[in-house]
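The values are calculated or read from the model by the stated rules, or taken from the named source; none is laboratory data. These numbers were taken from a predicted model, which means no experiment stands behind them. Positions of Cβ are backbone-derived with ideal geometry, glycine not excepted, and every protein chain shown enters the neighbour counts. These area figures cover heavy atoms from the full protein model, side chains too; ligands, DNA and RNA do not enter into them. Shrake-Rupley method; radii C 1.70, N 1.55, O 1.52, S 1.80 Å.
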Amino acid sequence: MGPLNMSGTSRAPSIELEISLSAGGDTVTKIWTLRCPPGGTLPNPAEACRRLEKLDHPFAPVPKSAACTLIYGGPQTAEVGGTFKGRPVKAHFSRGNGCEIARWNRVRFLFVGS
């Protein structure tokens with residue numbers, strides 16, 4: 001049975017994610033889970049839930065029309081899948097240009113060790 005709401009009935013988590021982080025090359029991919037209300041394997045899930053709840057569309061891609069600086073931020077990549085506020089999520093993050101770096105930094109707290 002899931003977490004209970006104020007009326008004592010079961011409710012599904014509003015956020016349920018699997019997060020994978022690769023530092024690039026031959027490194028081992030790290031994988032965490034996050035559920036809100038707080039739970040999962042991500043370190044400090046309560047803080048991550050609090051920060052995610054404040055963001056609008058944290059997993060939206062960079063708009064195709066965006067003009068991005070040609071700055072390389074490193075070989076790290078991350079994948080986030082699951083549900084966010086009841087909506088499906090399947091997002092890829094990289095650090096290949098200024099727009100992608102800004103998008104990464106917005107949810108960097110999910111990418112432990114990046």
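Summary table below
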item	result
Candidates GLU79, GLU100 - the one that is of a type in the set (Asp, Glu), surrounded by fewer than 17 Cβ atoms within 10 Å (Cβ to Cβ) and at pLDDT 95 or above	GLU79
Residue match in the range 95-103 (condition: outside any strand (DSSP E or B) and free of Cβ contacts under 8 Å to residues at least 24 places away in the same chain)	yes
Neighbours by Cβ (under 6 Å, 6+ apart or cross-chain): first from the range 26-54, modelled with pLDDT of 95 or more; second of a type in the set (A, V, I, L, M) and open to solvent by 30 Å² or more (accessible area, probe 1.4 Å)	PRO43/VAL112
Criterion violated by GLY2 - all others in (1) at pLDDT 95 or above; (2) open to solvent by less than 80 Å² (accessible area, probe 1.4 Å); (3) in contact with a Ser or Thr (Cβ under 6 Å, 6 or more places away or on another chain) satisfied	(1)
Of residues in the range 34-57 being under 22 Å from ARG103 (Cα atoms) and of a type in the set (Gly, Ala, Ser), the one least open to solvent (accessible area, probe 1.4 Å)	ALA48
Which numbered condition ARG51 fails, given (1) in a loop (DSSP other than H, G, I, E, B); (2) over 21 Å from GLY24 (Cβ atoms); (3) touching a helix residue (DSSP H, G or I) at 6+ places or on another chain (Cβ under 7 Å)	(1)
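Conditions tested, residue by residue: (1) open to solvent by less than 40 Å² (accessible area, probe 1.4 Å); (2) under 18 Å from GLU18 (Cβ atoms); (3) over 10 Å from the mean Cα position of the chain (by Cα).
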{"residue": "ALA60", "(1), (2), (3)": "no, no, yes"}
{"residue": "ALA67", "(1), (2), (3)": "no, no, yes"}
{"residue": "PRO75", "(1), (2), (3)": "no, no, yes"}
{"residue": "HIS92", "(1), (2), (3)": "no, yes, no"}
{"residue": "ASN105", "(1), (2), (3)": "no, no, yes"}
{"residue": "GLY113", "(1), (2), (3)": "no, yes, yes"}
